[in-house]
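Some notes on the structure that comes next.
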Amino acid sequence: MENKAPSLKKTARLAGLLYLVWIITGIYGMMYVQSQTIVKGDDIATVNKILANEFLFRTSIINDLFSSAICVFLVLALYRLLKQVNEHQAKLMVTLLILTIPVVFIINAFNITSLMILKGEGLKTFELNQRQDLAMLFLKINDYALLILEMFWGLWLIPFGQLVYKSKFIPRIFGVFLIIGGVVYMLDSFLSLLFPMYRLYFRQFAEQPILLIVAIGEISIMFWLVIKGVKNNTPKIAGEHITQH
């Protein structure tokens, strides 16, 4: 099929562009907005920063919803690209990433609830300090919800990395990086849930190196898909036979 390679390249580049947008939304929500609204270890300062940056806090909610929509289109594009390698693994990859979306909705429902409580739009009979404590409780629950998300971010990277490694039309090294990133995500999630003190250590000493390890796989595959798409010498699809006449 003469048009198979161009079609595959087009799908790969679409997946790469969607991946780029998804990464940008993640950086905005988890790095920029959190740095402007959350003060680690200081609840009062966090409350004040959220109220002082209410519009920014609200944009993070819209950003998360947009990111979830992009996530769906991304994983479907990756499925279309990689299902020829192993359809069962491709379906597993899709399922594991789609499972993160309900958690994102729950997190943002808690974010809206926290903001309403802090602004006095609910629980008006409660004292100010009681409202602040309750709002911070919802935000701290979100921290644990993020650990659940982190576990699934790791889980979906495993079949994704395996598919890339087996594909032959994307360099195998990217698959290795993705699998390593997935394992690191899961280890951090499990250790943080089992040993809360590890999380404190992680934030102080190991956060940047671990994020770098994870980013290598996802950012490298994203740039490859956007710039290169697939190798020019794309092999025949498994099970596809071309008959010579």
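Structure notes:
- Top-ranked residue in the range 46-56 [being hydrophobic (A, V, I, L, M, F, W, C) and surrounded by 13 or more Cβ atoms within 10 Å (Cβ to Cβ); ranked as nearest to Val75 (Cα to Cα)]: Leu56
- Listing of helices (runs of 4 or more DSSP H) fully contained in the range 1-108 that carry 2 or more residues being among the acidic types (Asp, Glu): 54-82
- Filter result for the condition that a residue is over 20 Å from Asn108 (Cβ atoms) and aliphatic (A, V, I, L, M), over Leu81, Leu56, Leu51, Leu65: Leu81
- Considering the conditions (1) touching a residue at least 12 places away in the same chain (Cβ under 8 Å); (2) in a helix (DSSP H, G or I), Phe169 is excluded by exactly one of them, (2).
- Which numbered condition Ile112 misses (of (1) out of contact with any Lys or Arg (no Cβ under 9 Å at 6 or more places or on another chain); (2) in contact (Cβ under 8 Å) with a residue 12 or more places away in the chain; (3) closer than 25 Å to Gln132 by Cβ): (1)
- Flag: Val184 does not match the condition of being in contact with a helix residue (DSSP H, G or I) (Cβ under 8 Å, 6 or more places away or on another chain), under 23 Å from Val94 (Cα atoms), modelled with pLDDT of 75 or more and assigned to a loop (DSSP other than H, G, I, E, B).
- Subset of the range 142-193 [surrounded by fewer than 20 Cβ atoms within 10 Å (Cβ to Cβ), charged (D, E, K, R) and over 16 Å from Thr100 (Cα atoms)]: Lys166, Lys168, Arg172
Every residue, every condition in (1) closer than 24 Å to Val164 by Cα; (2) modelled with pLDDT of 90 or more; (3) surrounded by fewer than 16 Cβ atoms within 10 Å (Cβ to Cβ), yes or no:
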residue	(1), (2), (3)
Met1	yes, no, yes
Leu8	yes, no, no
Ile23	yes, yes, no
Thr37	no, no, no
Gly41	no, no, yes
Ile44	no, no, yes
Ser60	no, yes, no
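- Scan of the range 39-60 for residues that are in contact (Cβ under 8 Å) with a residue 24 or more places away in the chain and either of a type in the set (Ser, Thr, Tyr) or within 28 Å of Ile98 (Cα to Cα) (or both), ordered by number: Thr46, Phe57, Arg58, Thr59, Ser60
- Filter result (touching a residue at least 60 places away in the same chain (Cβ under 8 Å), aliphatic (A, V, I, L, M) and closer than 13 Å to Leu81 by Cβ) within the range 15-30: Ala15, Leu17
The values are calculated or read from the model by the stated rules, or taken from the named source; none is laboratory data. Values in this document were obtained by computation on a predicted structure and should not be read as measured data. Glycine also receives a Cβ, built like all others from the backbone with ideal geometry; neighbour counts cover every protein chain displayed.
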